[in-house]
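Inspection log for the structure reproduced underneath, given as structure tokens.
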Amino acid sequence: GSQTWPPGAELLLDPGDVGDFLLVVGNQASAGLTESVSAGLATAIRVESSAALPGRGWLLPDVRRSDHARFWDVDLPAVMVTDTANFRNPHYHQRTDRVDTLDVPFLTAAIRGLEVAVRLLAEEAAP
């Protein structure tokens, strides 16, 4: 019951109300990148992904709350990897947002999955 969603998110995906996954968000132009990053992450952790966002993601403004949106704005592929922040964690950007409130095993799995994702992307880019 820890997972909530912003209005409109159910049009793209519905992984339920259990916050036990990472979300990889990409727009339509980033579909290949979304797939590659999701594949790497999925070696270590449950992943939900969406590459169905049209254009620059303005249909669901909450998906633009990170640095990747600037890349979308200039038509470059980019993804956001997120645990959904304040839609799951009541401590997000609060005084109680401290190391002792983190799920360290989850964080460790996320880091391991990101390592695999970066390695896969490097292999895809190699000549």
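The values are calculated or read from the model by the stated rules, or taken from the named source; none is laboratory data. If you're wondering where the values come from, they're calculated on a predicted model, not measured in any experiment. Methodologically, a virtual Cβ is constructed for each residue, glycine included, from the backbone with ideal geometry; neighbour enumeration extends over all protein chains shown. Accessible surface is based on the protein model in full, side chains and every heavy atom, while ligands, DNA and RNA are left aside. Shrake-Rupley method; radii C 1.70, N 1.55, O 1.52, S 1.80 Å.
An oblate overall shape is assigned to region 1-68, the ratio a/c of its alpha-carbon gyration tensor axes (a ≥ b ≥ c) being 1.5 or greater and a/b not exceeding b/c.
Residue by residue, region 11-20 carries 3J(HN,Hα) couplings of 6, 9, 6, 8, x, x, 10, 9, x, 10 Hz when phi is fed to the Karplus relation 6.51 cos²θ - 1.76 cosθ + 1.60 (θ = phi - 60°); x denotes Gly or Pro.
For the chain, what % of the accessible area comes from carbon and sulfur atoms, probe 1.4 Å?
On the way: 4400 of 7590 Å².
Here carbon and sulfur together make up 58 percent of the probe-accessible area.
Looking at the chain, the accessible area is 60 square angstrom per residue; that uses a 1.4 Å probe and ignores ligands, DNA and RNA. The largest-to-smallest principal axis extents of the Cα set in the chain are 45, 31, 25 Å. For the chain, a simple Cβ point-charge model (Lys and Arg +1, Asp and Glu -1, everything else neutral) yields a dipole of about 260 debye relative to the Cα centre. Close amide H contacts of S49 (hydrogens built in the peptide plane, cut-off under 5 Å, sequence separation of 5 or more or a different chain): V24.
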